Amino acid sequence: MAGLPLKLGILGCGAISQFAHVPAVLRSKRVELVALCDAAEDLVDQVAAVANVKKTYTDYDAMLADARVDAIVIAAPDPFHVPLANRAMRAGKHVLVEKPLGETSSQCLELIEVQKQTGMKVQVGSMKRHDPGMVFAKRFLKEKAGLVFSVGAVYRDSIFRADMQESTLDPLRVSERIVKPQNDPKAEREHYNLFTQGVHLVDNVRYLAGEVLAITAQVSHHNGNWSWHGLLEFAEGGRGHFELTCKSCGDWCERYEVLGDNGSVQIEVPLPFYHRPSVARCYDGQTQQWTQPLGGRSNAYANQLDYFAAVVQDDLPASPDAYDGFAAVQLLEAIEQSVITGQRIAINQPFGEAT
């Protein structure tokens with residue numbers, strides 16, 4: 001398959017597909033979109049016309065039976081992620097699954113077992129790992145910063161985000177025929193905000209600073225807004241603090257600061273749909289100099305598809321892989337449990353000691 005485009009099918013033609021995955025395929029260097037699937041025939045036809053995709057399906061199993069399709073992007077609502085990904089793997093298709101990987105960590109473990117049985121590749125759609133600023137910061141931390149002892153993470157969604165996105169994105173195509181989960185995930189708004197927004201924060205923290213062994217968290221709530229704050233204990237002895245706010249009466253804000261004994265990084269992450277690279281300032285204690293790169297290919301959604309193609313075709317390790325997806329959900333569960341109990345929550349490592 002080396003040198004050939006990865007033949008991709010996308011399941012789900014809702015907002016994340018229209019705003020992220022379909023435009024990303026058109027900008028990808030290694031992926032070709034050959035099929036779209038959605039139960040709403042009018043919606044899949046509209047999106048296919050925009051993407052110039054000739055083959056559409058309203059039956060998921062029919063798309064899975066299409067021999068041209070090498071891999072599936074699961075862009076359906078969160079409760080469907082694991083069962084739909086498992087069906088794809090059992091049909092011999094590699095999968096890129098939107099985040100969060102599953103509704104619960106135990107559900108994620110079930111997916112990992114199916115992956116082991118089938119040998120298929122799984123990548124989770126935490127696209128910020130493929131932002132050039134984040135990639136540079138990660139490499140700097142690994143090669144030059146030394147032992148990490150302090151981590152700060154802030155993620156604040158804005159009450160103005162819908163307006164920000166409207167000024168940037170094409171109008172959303174909708175349908176009355178879309179398939180919805182039996183229980184509306186947004187009905188439990190606190191849980192929904194924590195898991196859908198917090199998954200970015202916890203995955204980026206793990207990506208930059210390593211495994212988290214314990215969490216202590218609290219939350220404040222007023223007028224439909226939530227703000228989680230907490231302490232992170234890392235496997236290598238470092239400590240960190242986080243804030244996750246949904247929503248703030250102010251601008252979008254996502255930033256990370258990681259201090260090592262030989263260097264440090266400061267990262268400002270823009271609203272994803274602006275497709276600007278994160279601003280990563282890296283301080284090298286040996287040279288006593290700051291470095292601030294500017295990444296050219298800054299569409300993180302396109303970058304993640306190109307990397308996914310390399311995972312499938314060149315046998316690279318997925319980033320994030322299914323274990324990372326599990327670990328992110330496990331951390332979110334620990335935050336929720338700590339808020340409820342008021343206790344420090346130790347993180348169980350199901351595959352042995354953290355590395």
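The values are calculated or read from the model by the stated rules, or taken from the named source; none is laboratory data. Values in this document were obtained by computation on a predicted structure and should not be read as measured data. Positions of Cβ are generated from backbone atoms using ideal geometry, with glycine treated the same way; all protein chains shown enter the neighbour counts.
Residues in the stretch 144-185 that are in contact with an Asp or Glu (Cβ under 7 Å, 6 or more places away or on another chain) and more than 27 Å from ARG255 (Cβ to Cβ) were compared, and the one that is modelled with the highest pLDDT is SER175.
Of all residues in the stretch 70-97, those that are under 22 Å from PHE19 (Cα atoms) and of a type in the set (Asp, Glu) have Cβ atoms under 9 Å from Cβ atoms of residues that are surrounded by fewer than 24 Cβ atoms within 10 Å (Cβ to Cβ) and at pLDDT below 95, 6 or more apart or on another chain, in ASP78/PRO181; ASP78/PRO185.
Checked against (1) touching a helix residue (DSSP H, G or I) at 6+ places or on another chain (Cβ under 7 Å); (2) of a type in the set (S, T, N, Q); (3) without any contact (Cβ under 8 Å) to a residue 60 or more places away in the chain, SER106 passes all but condition (1).
If you filter the stretch 186-201 down to residues that are part of a helix (DSSP H, G or I) and of a type in the set (D, E, K, R), you find that the one that is modelled with the highest pLDDT is GLU190. When ARG281, ARG344, ARG297 are checked against the criterion of being among the basic types (Lys, Arg) and within 27 Å of LEU33 (Cβ to Cβ), ARG297 stands alone in meeting it.
On the stretch given as the stretch 1-59, residues that are surrounded by 20 or more Cβ atoms within 10 Å (Cβ to Cβ), in contact with a Phe, Trp or Tyr (Cβ under 7 Å, 6 or more places away or on another chain) and not in a strand (DSSP E or B) total 3.
Residue by residue through the stretch 287-334, note down the ones that are under 21 Å from LEU109 (Cα atoms), assigned to a helix (DSSP H, G or I) and among the hydroxyl-bearing types (Ser, Thr, Tyr). The answer is TYR323, and nothing else. ASP251 satisfies every condition listed in (1) surrounded by 16 or more Cβ atoms within 10 Å (Cβ to Cβ); (2) touching a Ser or Thr at 6+ places or on another chain (Cβ under 7 Å) except (1). Note on the stretch 29-40: residues that are out of contact with any Lys or Arg (no Cβ under 7 Å at 6 or more places or on another chain) and at pLDDT 95 or above amount to 6.
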